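Below is one structure, written out as structure tokens, with a few remarks after it.
The values are calculated or read from the model by the stated rules, or taken from the named source; none is laboratory data. In this text the structure is predicted, and so the values were computed from the model without any measurement. Don't worry about glycine lacking a Cβ; one is built from the backbone with ideal geometry, like all the others, and counts go over all protein chains shown. Calculation scope for accessible area: heavy atoms of the full protein, side chains included, ligands and nucleic acids excluded. Shrake-Rupley method; radii C 1.70, N 1.55, O 1.52, S 1.80 Å.
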Amino acid sequence: MESLIAARGNDDENPVAARLAAVDLPPDYRPSSDEDFMSVQQLAYFRRKLLEWKDSILRESSATLETLKAEPMREPDVTDRAASETDWGIELRTRDRQRKVISKIDAALRRIENGEYGYCEVTGEPISLQRLEARPIATMTLEAQERHERDEKITREE
């Protein structure tokens, strides 16, 4: 298996992103614990997954903006207008949450390029492939995340 360091090469001539984009993954490829952790194939897989997720969010956001522009609220009935405003408020809050997810996706893509992706930012241990599959923007192992949430809860309660 080719390592990230080997894939990295000279950043000026062969950036990680370009090398990972060039990796030809089978359509049914899924990372496996039988492979070297965060091999070039695994990194290419998660990079593709993150980029597809980001693209999906951006398409949804564009559709929302187009709908907002095309359909101004003109409901004559106060109740209908209030319902529409509530619906749009929910939609805009969803888009705001997705904007935050995009920044986490971008951070994960930077970690891939820096060779830090897949490792816990607290312990330095590998994050399980199952966790990364479910949440590719994860920055902590499940144990570290649970500990962090417990500490956060204790701090809020004080």
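Tabulated data
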{"quantity": "Evaluation of S62 against (1) open to solvent by 60 Å² or more (accessible area, probe 1.4 Å); (2) within 30 Å of S128 (Cβ to Cβ) (one fails), failing number", "calculated": "(2)"}
{"quantity": "Every residue from segment 107-137 that is of a type in the set (A, V, I, L, M, F, W, C), open to solvent by less than 90 Å² (accessible area, probe 1.4 Å) and part of a loop (DSSP other than H, G, I, E, B)", "calculated": "C120, I127, I137"}
{"quantity": "Residue in segment 64-71 that is among the basic types (K, R), in contact with a helix residue (DSSP H, G or I) (Cβ under 6 Å, 6 or more places away or on another chain) and farther than 23 Å from E143 by Cβ present", "calculated": "no"}
{"quantity": "Count of residues meeting criterion [of a type outside the set (K, R), open to solvent by 50 Å² or more (accessible area, probe 1.4 Å) and modelled with pLDDT of 85 or more] in segment 3-59", "calculated": "14"}
{"quantity": "Some residue of segment 60-77 being over 20 Å from the mean Cα position of the chain (by Cα), assigned to a helix (DSSP H, G or I) and modelled with pLDDT of 80 or more", "calculated": "no"}
